[in-house]
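Structure first, commentary second.
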Amino acid sequence: MKSRALMFLAAFAVWCLLSWPPTALQLAAGAAASLLAAAVMGRMFITRHHMLGHPMRILTFIFHYMPVFTWELIKANFDVAYRVLHPGLPINPGIVKLKTGLKSDMGLTFLANSITLTPGTLTVDVDKEQGILYIHWIYVRGRDIDSASRAIGGRFEPILRRIFEEVVP
Amino acid sequence: MIHSWLPYVLCILLFCVGVYAVLSKKNLIRIILGIVIADYAVNLFLILLCWKKGGEAPILQPGAMEQVMVDPLPQALVLTSIVIGLATTAFLVAIAMRLHERYGTYDITRIRELRG
Amino acid sequence: MARNDGEAGMTLVVKTVTRLTVGLIFLYGIYIVLNGHLSPGGGFAGGVIIALSFINLFLAFGAKKTFEIIRKDAVTALESVGAVLFLGIALLGFIDGGFFSNFLPQGELFSLVSGGAIPLSNIAICIKVGAGIFGMFLALVAFRGSEREGK
Amino acid sequence: MAGEYIPLLVAVPLAGAFFCALAARKSGVLADTIGTLIVALVLALSIYAVVSPPSTHAVGGWPAPLGILLVMDGLASLMLLVVSLVAFLVMIYSLSYMNAYSGRWQFHTLFLLMLAGMNGVVITGDLFNLFVFLEVASLASYALVAFGTGKHELEAAFKYAVMGSLGSLLLLLGIAFLYGYTGTLNMAHMAERLGELGVAPITVAALVLLLSGFALKAAIVPFHSWLPDAHPSAPAPISAMLSGVLIKSLGVYTIARLVFNVYGASPDLLNLLLVLGAVSMGIGVILALRQWDMKRLLAYHSVSQVGYMILGFGLGSPLGILGGLFHLFNHSIFKSLLFLNSGALEQATGTRNLKEMGGLSGRMPTTSWTTLSASMSISGVPPFSGFWSKLIIVMACVEQGRWFYGAWAILVSVLTLASFLKVTKFAFLGKLGKGFENVREVPWPMRFGMVVLALLCIVGGLMLVPEVKEMVLTPAVRVLDHGILTLGEVVRL
């Protein structure tokens, strides 16, 4: 039920953005449409809604995770551009395992998507039980699983743990 | 001017590519793809027809009522024709899948039982 | 890559992203339909988007969870309902002169409630198209499933 | 406007189709009831259309060149009568024939959709709208050909659907050419604009595209290869609909409209039709002669008989057009009857191979004599209906001094007779085939449909009695003979 209510709020916000500036009619239609969307699709929108009750987590997401992610994105872009433009084409592609301590669905998804979005690395598969991500890497630096984990996910994982994990170690 | 005709000619060429695929390919899926290509060539042709120099998309916006617009009718026609194409393609794919189930192949030369 | 970790559907990443976005895709479809007479879009485009949201759900979570939300025979029934509604709106035009006549007041230009019967037709088309495309998808996918079991 | 009933001819079968899909999923009886009632209603509407004066209806209240105009003139009402008459009798026949198949509501839905599409093709005055209805009818017919979902049905449906879609794409391209040249889609307005703008390479290209598209739908000879596979593979009532009316309303009717009312019949165009018709007649009947599968034989005869109609139109004189239209009417009756007969034989004996049948006239008297009357009619034996229409076509040939075509028509008719004597001899005469001792006559709904059609075959010549002719045939001939119809003339109907 809480999931549906959250879905309704999110849907209504999106509707207002879509029909900006909103008129009274648009808002009424938006409310009806959001209700419908929440009724049909809202059941599994958010599974752990109590997590939204911690403002620290949201603030960490916006003010810590987002800047770090943006910085990593820019760095990786330049790195890949360098590898592409370099006449020697210094690439060493391969698939590596990445060990992660994240347990929650959202945490794993954000980690996997962060890795995919940064150029040069791409999440191929996720194994939730063992906490392992399979990653295609444009320049494999080492065969050792721990160093790979540190090199790829090291910057994101501690932050994501603070945002999404129930118990922060 | 020769080059103003070029898009139309290319469209017809694309149509011919589709028809060629339908008539010469031996694989059911390729035949379906040929039909899809020909279908989209015709749709493209219809869209080209409504082009007008300096024309804008035919959408009324508050405040900007007096503007040169492209002909909106072919766009409606194309939408209809896309729907029809979708239905035909879905039907053909369904039939091809059933044929594959019966014969275990998409190769038309090994399916052909009806002759004469 | 469809890996089966004891349950149907795709990997965790796809599932989580689908969970977050599928409702908004659905909402966007409704938006396109309701504003179809004012901006590009309309019943067909919106119906396709709505159908795609269900297809997304089906691909990510598998058949069982999808049919908890909408039953399979409901899809085919909705398709006919949409068609009958559309035809009904067309026939209602006879109270104002003829087939497909716009029998409702036209309203003010650029207002959400305007265009007479056109938004209503858009909704009917959306139901028809959405259910039709999702039904088509189900027919093709369900057939593949039976084929695999058969072998 | 008087034509307010016109859209109902499309709306009623469409509504019936969706109600069948909605309400009659569980109950086959309900589906049957809805289907029969709807088709009966359509038949009543088309009889009303024949007896009432010609009229038009502007869809949505938009006047003619802007909106879609539905036109009910003499030709349209004749076609409607043919379509709905055959559809009604076939529907009654199928009530018991389709017991062998599952999925009653699907059958009725598709059948009614096809009917709506055909009616739409006939009544619309807008070229793109015609294309849309043509696709509705075609798609429904593809699905109906695949209805049995056996190997051969699927293969035939695939072939049919590929050729049909190709034809539709040619049509759409042709329509796009014409729209680009004339800037209008209304057929009457288009005819006017074509007259003003004159002939250009693009109109010739459009004509070629449209003619090949419609010829594909009508299975005229260079484009006929799909028909002998598709029509026999469908269930018998559907074969009857496909061969009896679908190829005519989608192919022959549209060719006549295009050639006479939009482009205007120029001598070159008519000569082209003459050649196409003659070649279709000849090749169709020669291929039919060597068939042993009864339904394939009938399908090839459809190719041949469509040739007669095109030949009649190609003569271009009022008498030739009358012959073509009358033959169209007659062919719908006797070809659908023959397909229904083949269905009855197949259901009773379990085979379509003529060599395996024999001596069935004692076992199945109704089927036997209805087949005989239809065979005599298609072969042009007096006094059956087919004789009169062929006679008119031959007379029209003679009137214009085209002796070769007249002689050709007679020769093809003789070959047709030979082919049907084979059917009669192998299926009904001679010794009773092995294993047919227990064959019984088919149930009454099937017999009812066949008997009514057979009676129409026998008394079909009465269509030429002046009173009936003035009512049904003459207005249609007048429409085609009039040449280009301008928008003003159509609206004033």
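The values are calculated or read from the model by the stated rules, or taken from the named source; none is laboratory data. Please read all numbers here as calculations on a predicted model, not as lab measurements. Please note: Cβ atoms are built from the backbone with ideal geometry, for glycine as well, and neighbour counts cover all protein chains shown.
Overview of values
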{"read-out": "Tally of residues being among the hydrophobic types (A, V, I, L, M, F, W, C), over 19 Å from A:L117 (Cα atoms) and either touching a Cys at 6+ places or on another chain (Cβ under 9 Å) or modelled with pLDDT of 60 or more (or both) across segment C:1-20", "value": "2"}
{"read-out": "So C:T66, is it in contact with a helix residue (DSSP H, G or I) (Cβ under 7 Å, 6 or more places away or on another chain), part of a helix (DSSP H, G or I), more than 9 Å from every other protein chain (Cβ to nearest Cβ) and of a type in the set (S, T, Y)", "value": "yes"}
{"read-out": "Yes/no for D:L173 being within 11 Å of another protein chain (Cβ to nearest Cβ) and either in a helix (DSSP H, G or I) or without any contact (Cβ under 8 Å) to a residue 60 or more places away in the chain (or both)", "value": "yes"}
{"read-out": "Selected residue (criterion: farthest from the other protein chains (Cβ to nearest Cβ)) from residues of segment A:83-106 that are out of contact with any helix residue (DSSP H, G or I) (no Cβ under 7 Å at 6 or more places or on another chain) and among the basic types (K, R)", "value": "A:R83"}
{"read-out": "Meets criteria (within 14 Å of chain C (Cβ to nearest Cβ) and exposed (fewer than 15 other Cβ atoms within 10 Å of the Cβ)) for A:H49", "value": "yes"}
{"read-out": "Scan of segment A:101-119 for residues that are among the aliphatic types (A, V, I, L, M) and either over 15 Å from A:A151 (Cα atoms) or surrounded by fewer than 13 Cβ atoms within 10 Å (Cβ to Cβ) (or both), ordered by number", "value": "A:L102, A:M106, A:L108, A:L117"}
{"read-out": "Members of segment D:54-88 found to be of a type outside the set (A, V, I, L, M) and either at positive phi or within 14 Å of chain C (Cβ to nearest Cβ) (or both), listed by number", "value": "D:S55, D:T56, D:H57, D:G60, D:G61, D:W62, D:P63, D:G67"}
{"read-out": "Odd one out for A:T70, checked against (1) at pLDDT below 90; (2) assigned by TED's automatic domain parsing to the domain that holds A:I159", "value": "(1)"}
{"read-out": "Counted residues, segment D:469-493 - those being basic (K, R) and crowded, with 17+ Cβ neighbours inside 10 Å", "value": "0"}
{"read-out": "Check on D:L258, at pLDDT 90 or above, over 19 Å from D:Y160 (Cα atoms) and more than 14 Å from the chain's Cα centre (by Cα)", "value": "yes"}
{"read-out": "Test: residue in segment A:91-100 that is more than 27 Å from C:M10 (Cβ to Cβ) and either surrounded by fewer than 12 Cβ atoms within 10 Å (Cβ to Cβ) or within 16 Å of the chain's Cα centre (by Cα) (or both)", "value": "yes"}
{"read-out": "Residue check for B:V19: touching a residue at least 12 places away in the same chain (Cβ under 8 Å) and at the interface with another protein chain (Cβ under 8 Å from one of its Cβ atoms)", "value": "yes"}
{"read-out": "Residue among D:V204, D:V199, D:V208, D:V145 that is farther than 24 Å from D:S77 by Cβ and either in contact with a His (Cβ under 7 Å, 6 or more places away or on another chain) or not in a helix (DSSP H, G or I) (or both)", "value": "D:V199"}
{"read-out": "Filter result for D:F128 (part of a helix (DSSP H, G or I), farther than 27 Å from D:P7 by Cα, facing chain B (nearest Cβ under 9 Å) and modelled with pLDDT of 90 or more)", "value": "no"}
{"read-out": "Every residue from segment C:31-48 that is under 29 Å from A:T109 (Cβ atoms) and touching a residue at least 40 places away in the same chain (Cβ under 8 Å)", "value": "C:G46, C:V48"}
{"read-out": "Residues (over 17 Å from A:M51 (Cβ atoms), over 8 Å from the mean Cα position of the chain (by Cα) and among the small types (G, A, S)) located in segment A:101-116", "value": "A:G101"}
{"read-out": "Single residue of segment C:85-137 satisfying the filter (in a loop (DSSP other than H, G, I, E, B) and more than 14 Å from chain D (Cβ to nearest Cβ)) that is nearest to C:N35 (Cα to Cα)", "value": "C:L112"}
{"read-out": "Criterion (within 11 Å of chain C (Cβ to nearest Cβ), among the hydroxyl-bearing types (S, T, Y) and in a helix (DSSP H, G or I)) met by exactly one of A:T123, A:T70, A:T109", "value": "A:T109"}
{"read-out": "Residue within segment D:39-47 that is touching a Pro at 6+ places or on another chain (Cβ under 8 Å) and surrounded by 17 or more Cβ atoms within 10 Å (Cβ to Cβ) present", "value": "yes"}
{"read-out": "Selection within segment D:395-407 - surrounded by 21 or more Cβ atoms within 10 Å (Cβ to Cβ) and touching a Gly at 6+ places or on another chain (Cβ under 7 Å)", "value": "D:A396, D:C397"}
{"read-out": "Test result for D:G180, in a helix (DSSP H, G or I) and either under 30 Å from D:F88 (Cα atoms) or in contact with a His (Cβ under 9 Å, 6 or more places away or on another chain) (or both)", "value": "no"}
{"read-out": "Residue identified as closer than 21 Å to D:V477 by Cβ, touching a helix residue (DSSP H, G or I) at 6+ places or on another chain (Cβ under 6 Å) and surrounded by fewer than 24 Cβ atoms within 10 Å (Cβ to Cβ) among D:V262, D:V245, D:V279", "value": "D:V262"}
{"read-out": "Residue count for segment A:73-88, restricted to those that are touching a residue at least 40 places away in the same chain (Cβ under 8 Å) and surrounded by fewer than 11 Cβ atoms within 10 Å (Cβ to Cβ)", "value": "0"}
{"read-out": "Hits in segment D:19-53 - residues which are more than 14 Å from chain C (Cβ to nearest Cβ) and not in a helix (DSSP H, G or I)", "value": "D:S27, D:S52, D:P53"}
{"read-out": "Tally of residues being assigned to a loop (DSSP other than H, G, I, E, B) and aromatic (F, W, Y) across segment D:262-307", "value": "1"}
{"read-out": "Given (1) surrounded by 13 or more Cβ atoms within 10 Å (Cβ to Cβ); (2) more than 27 Å from the chain's Cα centre (by Cα); (3) polar (S, T, N, Q), number of the condition D:T424 does not satisfy", "value": "(2)"}
{"read-out": "Candidates D:S373, D:S368 - the one that is at pLDDT 90 or above and assigned to a helix (DSSP H, G or I)", "value": "D:S373"}
{"read-out": "Considering residues of segment D:440-468 that are outside any helix (DSSP H, G or I) and surrounded by fewer than 21 Cβ atoms within 10 Å (Cβ to Cβ) only, the residue nearest to the chain's Cα centre (by Cα)", "value": "D:V465"}
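Table: residues versus (1) within 12 Å of chain B (Cβ to nearest Cβ); (2) within 18 Å of B:L23 (Cα to Cα); (3) part of a helix (DSSP H, G or I); (4) polar (S, T, N, Q).
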site	(1), (2), (3), (4)
D:F107	no, no, yes, no
D:G117	yes, no, yes, no
D:S141	yes, no, yes, yes
D:H152	yes, no, yes, no
D:K159	yes, yes, yes, no
